[in-house]
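The values are calculated or read from the model by the stated rules, or taken from the named source; none is laboratory data. If you're wondering where the values come from, they're calculated on a predicted model, not measured in any experiment. Methodologically, a virtual Cβ is constructed for each residue, glycine included, from the backbone with ideal geometry; neighbour enumeration extends over all protein chains shown. Just so you know, the surface numbers come from the protein's heavy atoms only, side chains and all, with ligands and any DNA or RNA stripped out. Shrake-Rupley method; radii C 1.70, N 1.55, O 1.52, S 1.80 Å.
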Amino acid sequence: MRHHLILRVITKLLVGPIMLFALYVQFHGDYSPGGGFQAGVIMAVAFIIYGIVFSLDHVQRVLPPWLVHKLSALGVLIYAGTGLVSMFTGYAFLDYTALSPDHPVHGQHYGILLVELGVGVTVTGVMVTIYYAFTSRTPIMSDEAW
Amino acid sequence: MRSLFAVVMLSGVFSLLSALLFVTLDAVDVAFTEAAVGAGISTVLILGTLALTSRYEQPSKRSKVIPLIVVLVTGAALFYGTLDMPNFGDPNAAAQTHVAPEYLLQSPHEIDVPNVVTAVLASYRGYDTLGETAVVFTAAVGVLLLINGLRRRRRRNPKKDT
């Protein structure tokens, strides 16, 4: 898409706000609609739109495939790790009271934050992984065929 | 309609419209997910897949009568299923009387998160969300095994690849 000047300029302007919005949806999910799934998708979209408008090489220089694969696993580990921490401190699996035994409500807040972070990281990683997997194959259709 | 590009765009439009429907039903979290996942990213992924295949569907040679009958019968069964469903917003519906009142009453004291959907999703139903995250992760593993695994095998023995 080298010839689309407007698309390139607008994309450069938009990628930052899209990521900021993803972080907002992620960490403000306790108070407003949203949460890990939506935030993860929005964050992935920021990378995907960069990849579409510039090229796969450009976006893979920012976010290399090996990092994306590790991110998708890391999210599940954060989630399950939160559960294991509460289990090893003598509470039930994923009982967030363990994170702050004196103030169970604070424990719930920390737990929800951690768990949503795990979901967001995994969803970002998975969406970008799938995008990389499909677009790194040679397309049969040319740019003009659309 | 043989143009697959138009079909992809229509499914994106359908997704966006159903997101609007969820907003009208006061399910903003679901609407958000539908707009981001259904209308946004899956449209892009299907377009990426489309670039690997062809833009037009090949016309099928079989008769269209049997698929039409299957669709009509399924649709009629679904309509029949809605006949004894509770009315919209019925406070005595089964979904409203099981654990929902407890969640709505207890979550301000137990969890103290204004968005009850997040409270239910991440705390009361934490196991389910862990399962969903694992499913999403499994999807990525599946795609990687199918697409990248194939490419690596081809690179290893290039003579067989004809």
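Work out Dmax and Rg for the range B:1-59 from the C-alpha atoms and quote the Rg first, both in angstrom.
Cα-based Rg and Dmax for the range B:1-59 come out at 13.3, 42 Å.
I'd like the orientation of helix A:5-27 relative to chain A: the angle between its Cα long axis and the longest Cα principal axis, in ° from 0 to 90, rounded to 10.
10 degrees
Rounding to the nearest 10 and keeping the result within 0 to 90°, find how far the Cα-based axis of helix A:104-135 lies from the longest principal axis of chain A.
20 degrees
Shape call for the protein assembly as shown from the C-alpha gyration tensor, a ≥ b ≥ c root eigenvalues: rounded (a/c under 1.5), prolate (a/b greater than b/c) or oblate?
oblate
If packing is taken as the average count of other Cβ atoms within 10 Å, what order do A:107-118, A:56-67 fall into, highest mean first?
Details: A:107-118: 22.1, A:56-67: 13.6.
Peptide ranking by packing, descending: A:107-118, A:56-67.
Give me the one-decimal Kirkwood hydrodynamic radius in Å for the range A:77-135, with the sum taken over alpha-carbon pairs.
For the range A:77-135, inverting the mean 1/r across all distinct Cα pairs yields 12.3 Å.
Between B:ARG2 and A:LYS70, what FRET efficiency comes out of the Förster formula 1/(1 + (r/R0)^6) with R0 = 35 Å and r the beta carbon distance, rounded to 0.05?
Values: r = 42 Å, r/R0 = 1.20.
It comes to 0.25.
Quickly work out the A:LEU56-to-B:GLU110 label distance, labels modelled 7 Å from Cα along the C-beta direction, and quote it in nm with one decimal.
So the two model labels end up 4.8 nm from each other.
Which order do you get for B:MET1, A:MET19 if you rank them by accessible area with a 1.4 Å probe, largest at the top?
B:MET1, A:MET19
So if each residue of separation counts as 0.36 nm, and I subtract the Cα-Cα distance between B:TYR56 and B:THR74, what length gain in nm does that give?
Stretched fully, the B:TYR56-B:THR74 segment lengthens by 3.7 nm.
Classify the range A:26-89 from the C-alpha gyration tensor, please: rounded if a/c falls under 1.5, else prolate or oblate depending on whether a/b exceeds b/c.
Note, shape of the range A:26-89 comes out oblate.
Report the residue, chosen from B:VAL135, B:VAL120, B:VAL143, that carries the largest GNM mean-square fluctuation when chain B is represented by alpha-carbon nodes joined by springs under 10 Å.
Sorting by GNM fluctuation, first place goes to B:VAL143.
Average partner chain C-beta neighbours within 10 Å, per residue of B:125-132?
Mean number of neighbouring Cβ atoms from other chains: 5.
Can you bin the range A:36-146 into rounded, prolate or oblate? Criterion: square roots of the alpha carbon gyration tensor eigenvalues sorted a ≥ b ≥ c, rounded for a/c under 1.5, prolate for a/b above b/c, oblate for the rest. Show your work: numbers first, answer last.
Working: a/c = 4.10, a/b = 3.14, b/c = 1.31.
Judged from the Cα gyration tensor, the range A:36-146 comes out prolate (a/c at least 1.5, a/b above b/c).
Can you tell me the orientation of helix A:36-53 relative to chain A, as the angle in degrees between its alpha-carbon axis and the longest Cα principal axis, to the nearest 10?
20 degrees
For the range B:5-80, with all protein chains present and a 1.4 Å probe, just round the carbon and sulfur fraction of the accessible area to a whole percent.
That share works out to 77 percent.
Mean residue ellipticity at 222 nm from the helices of chain B, using -39,500 (n - 2.57) per DSSP H segment of n ≥ 4 over the full residue count, to the nearest 500 deg cm²/dmol?
So the calculated ellipticity at 222 nm is -19000 deg cm²/dmol.
Other chains near B:50-61: what is the mean number of their Cβ atoms within 10 Å of each residue's Cβ?
Average neighbour count from other chains, rounded to a whole number: 3.
For A:LEU99, B:LEU50, give the ranking by accessible area with the largest first, probe 1.4 Å.
Working: A:LEU99 55, B:LEU50 15 Å².
The most accessible residue leads, giving A:LEU99, B:LEU50.
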